[in-house]
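Below is one structure, written out as C-alpha cells; comments come after it.
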Number of protein chains: 2
Amino acid sequence: MHTTLQLQKIIIDAIPKIVYPQHPANLYEPIRYIMNLGGKRLRPVMVLMATELFSDDLNQSLEVALAIETFHNFTLVHDDIMDNAPLRRGQKTVHEKWGVNNAILSGDVMMVESNKHLSKVDISVLKPVLDTFNATAQGVCEGQQLDMEFEQRNDVSIEEYIEMIRLKTAVLLGGAMKLGAIVGGASAADADLLYQFGENVGVAFQLQDDILDVYGNPEKFGKQVGGDIISNKKTYLHLKTLALAQSDEIAVLKNDIENQVEKVNQVTNIYNKYQIKELATSEMDKYLTIAQQALQKLSIPDEKKIQFRILIQEILERER
Amino acid sequence: MHTTLQLQKIIIDAIPKIVYPQHPANLYEPIRYIMNLGGKRLRPVMVLMATELFSDDLNQSLEVALAIETFHNFTLVHDDIMDNAPLRRGQKTVHEKWGVNNAILSGDVMMVESNKHLSKVDISVLKPVLDTFNATAQGVCEGQQLDMEFEQRNDVSIEEYIEMIRLKTAVLLGGAMKLGAIVGGASAADADLLYQFGENVGVAFQLQDDILDVYGNPEKFGKQVGGDIISNKKTYLHLKTLALAQSDEIAVLKNDIENQVEKVNQVTNIYNKYQIKELATSEMDKYLTIAQQALQKLSIPDEKKIQFRILIQEILERER
C-alpha cells in the first residue's frame, strides 16, 4: 500500500504523459493546459486509495483515476465559462485564453477523453464502471444546473442547498471511491459503502468550505476571508441565518454594502449571534459520522482503513 | 428486413419514449425539445440498416441508434451556440430559448445520455462499440474546431476542406454504420467496410450540399439559393474557384456586395465560367465510387445491399 503522498505522485507523474492528438492544436492545447494547472488531485487519489483496499494492481485504477480527473477538469472548463471566471488556480481560465467557443469544444473533447480512459478497464468490470461513471457525471451536471438556478432564486431551502452540494461536489468523490473499489475487485456491497463514504465526506468537505470562507485563518486561507459574504453567496451559513435571524439582520446579509470590510464584520457578527459556525460544524459532523459508519461496515481489516481516517482528519484540519 | 421508411418510423416512435429525469426541469427540458424537433433521422436509421445486414434483432441496435441521434443533437446544441444561430429546423435554438449557460450544460448531459444508451449493449460487443463511438465523437469535435478555424483563415486548401467535412460530417455517418454492423455481429472486416461506405457517402453528401446551395431547385430547396455565396462561405465551390480564377474574379467572391441577388448572379457566372459545378460533381462522384466499392466488398449477399444503393440514389436525387 502507498501513502496518500505516494498516490498523489503517481497521478502527478501520469498526467503529463497522457497523449493527446497534435491537431487541431487549438482543440488539444487547452486540455494540456488545464490538466497541468496543478491542484491536489484529490479525486484521482481517492480512486487509487479505494482500489488499494482490495488489490495491489493499480494499472486499471490509474486509467479510471485519469478519467475522473479529466472529467473534473472538463467541468471546471465549462463551469468557468458559465461563471464568467477570469482565473483558475491563479492562471487565466481556458475561455479567457482561447475564447468561449474553443473552451466549449475543448471541454466536449475532454468528456470523450474521459470515456477513452474508462474504456481501457478490463471487460469484466467495464459495465459497472460505465454505469457508475455515467451516473456520477449526470449528477455533477445536475448539481451545476441547481447551483446556477439558486443564484436567481430567493427561496432556496437548506435541504435544497445540501442536495445541490451533494450533486455538484459530493457525488464525484463518491463515484471516484466506488470506481476505485470496482476495479479493485470489491464486492458490490463494499463498493456501495465506499460510495457512501466518499459522498458524505464530500458534503462535509463543502460545508467546511463554507465555514472556512468566513472563519478560516486569513494567513493560511490564501484568499480574502469573507468572499462569500461580500458576494451574498447562498452558503449553508447564509441560508441557516435567513431561517433564524430578524428582518433587519436579513437585510444586512442580502444588501450590497459598499464597504466590504464593514459588510464582512456586520454579517460575521450576526452569524456569531446565532452561533452559525457551531450549527454548520454540527451539520458537517453529521455527514462525517455517516461517512465513518460506512467505513466501519467495510468488510476489510481495520488497519487498511487507516488512510481513510487520516483523509478525514486532514480535511478537518485544513485551513484551505 | 425493413424498408428505410419503416426504420425511420422505429426511430421516430422511440425518441419520445426516452425517459429523462424530471429534475432539474431546465436541464432536461431542452433535451426533450431538441430531440423532438424532427429531422430525417438519417444517422440512427443508418445504424439500424447496418445491423439488419447481419441480424434480425434490432433491440441493441436501437440503443446505439439513440446514442448516435442524441450525440448528433448534442453537437447541434453546442454548434448553434458557437455559430450564434437563432433558429434550428425553423424553431428557436436551445440557447435562444434557455440561455447559453443552460445550453452548454444540457448539451453536456446529452453526451452522458448518449453513453448511457451505449452502455446497454451486450458485454460481448461493448468494448468495440465504445472504441468506435469515442473515435467518432472525437472526430466530430475536431471537425467543428477546424470549421471554426477556417472561418478566420484565408489560406484554406481544398485538401483541408475535405478533411474538415470528413471529420465534421462524414465520420459520424461512418461511425453509425460501423456501430450498427458491430452490434449486428459483423466481422471486423465488414464493420470497417461499412465505416468506409458511410464516411465516403458522408463526404459526397456534404459536397452535394455545397452544390445544391448554388444550383438547387429554388422551389424544392426550402431556403434562399446562394446563401453560401452571400456569406462568402468557404465551400468546395468557393475554394476551387479561388484556385482557378483571376484576381478580379476572386475579389468578387470575397467581397461583401450590398445587392445580394447581384452577388449571387456574379459569383454563379464565375462558377459557370470555370465549370465549378461539374468539377464539384466529379469530386462528389469520386467519393461515391469509393463508397460503392466498399459496399461491393461486403461479404453479404448482393440482394441485401439494395437498400444501400437506394440510399445513395436518394441522396443523389435530393434537392434538399
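The values are calculated or read from the model by the stated rules, or taken from the named source; none is laboratory data. All figures in this text were calculated on a predicted structure; none of them were measured in a lab. A quick note on method: Cβ atoms are made from the backbone with ideal geometry, for glycine too, and the neighbour counts reach across all protein chains shown.
Looking at the structure I just gave you, is A:Ile68 over 13 Å from A:Leu173 (Cα atoms), not assigned by TED's automatic domain parsing to the domain that holds A:Arg318 and not aromatic (Phe, Trp, Tyr)? Please lay out each step first, then the result.
On the way: over 13 Å from A:Leu173 (Cα atoms): no; not assigned by TED's automatic domain parsing to the domain that holds A:Arg318: yes; not aromatic (Phe, Trp, Tyr): yes.
No; evaluated as a whole, the condition is false for this residue.
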A:Glu69 passes all but one of the listed conditions (1) crowded, with 16+ Cβ neighbours inside 10 Å; (2) within 14 Å of chain B (Cβ to nearest Cβ); (3) in contact with a helix residue (DSSP H, G or I) (Cβ under 7 Å, 6 or more places away or on another chain); the exception is number (2)
Checking B:Lys97 against (1) crowded, with 19+ Cβ neighbours inside 10 Å; (2) more than 25 Å from A:Phe133 (Cβ to Cβ); (3) not β-branched (Val, Ile, Thr), only one condition comes out false. Which one? (1)
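A quick yes/no check of all residues on (1) over 26 Å from the mean Cα position of the chain (by Cα); (2) in a helix (DSSP H, G or I):
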{"site": "B:Phe205", "(1), (2)": "no, yes"}
{"site": "B:Leu212", "(1), (2)": "no, yes"}
{"site": "B:Glu219", "(1), (2)": "no, yes"}
{"site": "B:Val225", "(1), (2)": "no, no"}
{"site": "B:Asp228", "(1), (2)": "no, yes"}
{"site": "B:Leu239", "(1), (2)": "no, yes"}
{"site": "B:Ile250", "(1), (2)": "yes, yes"}
Would you check if B:Leu207 is among the aliphatic types (A, V, I, L, M), on the phi < 0 side of the Ramachandran plot, touching a residue at least 24 places away in the same chain (Cβ under 8 Å) and surrounded by fewer than 20 Cβ atoms within 10 Å (Cβ to Cβ)? no
If I go through region A:273-309 residue by residue, how many of them are exposed (fewer than 13 other Cβ atoms within 10 Å of the Cβ), not charged (D, E, K, R) and not in a loop (DSSP other than H, G, I, E, B)? 4
Looking only at region A:144-160, count every residue that is more than 25 Å from B:Val100 (Cβ to Cβ) and either touching a Ser or Thr at 6+ places or on another chain (Cβ under 9 Å) or within 11 Å of chain B (Cβ to nearest Cβ) (or both) and tell me the total. 0
Has region A:198-214 got at least one residue that is more than 28 Å from A:Lys305 (Cα to Cα) and outside the structural domain of A:Asn134 (by TED's automatic domain parsing)? yes
If you go through region B:162-173 one residue at a time, do you hit one that is over 16 Å from A:Asn26 (Cβ atoms), small (Gly, Ala, Ser), assigned to a helix (DSSP H, G or I) and more than 14 Å from chain A (Cβ to nearest Cβ)? yes
Among the residues of region B:103-148, the number that are of a type in the set (A, V, I, L, M) and under 16 Å from A:Phe71 (Cα atoms) is 7
Unmet requirement for B:Ala186, which otherwise passes all of (1) part of a helix (DSSP H, G or I); (2) within 21 Å of B:Leu48 (Cα to Cα): (1)
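If you check B:Leu87, B:Leu42, B:Leu48, which single one turns out to be hydrophobic (A, V, I, L, M, F, W, C) and in contact with a helix residue (DSSP H, G or I) (Cβ under 7 Å, 6 or more places away or on another chain)? If you could, list the steps in order and put the result at the bottom.
Numbers: B:Leu87 fails: in contact with a helix residue (DSSP H, G or I) (Cβ under 7 Å, 6 or more places away or on another chain); B:Leu42 fails: in contact with a helix residue (DSSP H, G or I) (Cβ under 7 Å, 6 or more places away or on another chain).
Only one candidate qualifies: B:Leu48.
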Of the residues B:Ser187, B:Ser157, which single one is farther than 30 Å from B:Ser299 by Cα, surrounded by fewer than 18 Cβ atoms within 10 Å (Cβ to Cβ) and modelled with pLDDT of 95 or more? B:Ser157
Have a look at B:Ile162, B:Ile123, B:Ile182 and point out the one that is of a type in the set (A, V, I, L, M), buried (at least 24 other Cβ atoms within 10 Å of the Cβ) and modelled with pLDDT of 95 or more. B:Ile182
With the checklist (1) closer than 30 Å to B:Asp155 by Cβ; (2) touching a residue at least 12 places away in the same chain (Cβ under 8 Å) in hand, flag the one item B:Arg318 doesn't pass. (1)
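On the basis of being touching a residue at least 40 places away in the same chain (Cβ under 8 Å), surrounded by 24 or more Cβ atoms within 10 Å (Cβ to Cβ), among the aliphatic types (A, V, I, L, M) and within 30 Å of B:Val129 (Cβ to Cβ), does A:Leu105 make the cut? First the steps, then the outcome.
Values: touching a residue at least 40 places away in the same chain (Cβ under 8 Å): yes; surrounded by 24 or more Cβ atoms within 10 Å (Cβ to Cβ): yes; among the aliphatic types (A, V, I, L, M): yes; within 30 Å of B:Val129 (Cβ to Cβ): yes.
Yes: the conditions hold for A:Leu105.
Would you pick out the residues in region B:38-51 that are modelled with pLDDT under 95 and in a loop (DSSP other than H, G, I, E, B)? Break it down into steps so the answer makes sense when it comes.
At the first step, the residues of region B:38-51 found to be modelled with pLDDT under 95 are B:38-40, B:42.
Scanning region B:38-51 gives B:Gly38, B:Gly39, B:Lys40.
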In region B:252-272, how many residues are among the charged types (D, E, K, R) and part of a loop (DSSP other than H, G, I, E, B)? 2
Enumerate the pairs (first residue in region B:15-42 and more than 14 Å from chain A (Cβ to nearest Cβ); second residue anywhere and of a type in the set (Lys, Arg)) with beta-carbon separation below 7 Å, excluding pairs fewer than 6 apart on the same chain, so at least 6 apart or on different chains. B:Leu37/B:Arg88; B:Leu37/B:Arg89; B:Gly38/B:Arg89; B:Gly39/B:Arg89
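Go through B:Val125, B:Val121, B:Val129, B:Val109 for me and flag whichever is outside any helix (DSSP H, G or I) and closer than 30 Å to A:Ser124 by Cβ. Before you say what the answer is, go through the steps one by one.
On the way: B:Val125 fails: outside any helix (DSSP H, G or I); B:Val129 fails: outside any helix (DSSP H, G or I); B:Val109 fails: outside any helix (DSSP H, G or I).
Exactly one residue qualifies, and that residue is B:Val121.
Out of A:Phe71, A:Phe54, report the one residue that is outside any helix (DSSP H, G or I), within 30 Å of A:Ala189 (Cα to Cα), hydrophobic (A, V, I, L, M, F, W, C) and touching a residue at least 40 places away in the same chain (Cβ under 8 Å). Full working, then the answer.
Working: A:Phe71 fails: outside any helix (DSSP H, G or I).
Of the residues listed, the single one that is outside any helix (DSSP H, G or I), within 30 Å of A:Ala189 (Cα to Cα), hydrophobic (A, V, I, L, M, F, W, C) and touching a residue at least 40 places away in the same chain (Cβ under 8 Å) is A:Phe54.
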Collect the residues in region A:85-135 that are more than 9 Å from every other protein chain (Cβ to nearest Cβ), under 20 Å from the mean Cα position of the chain (by Cα) and under 19 Å from B:Val109 (Cβ atoms), keeping them in residue-number order. A:Met110, A:Ser114, A:Thr132
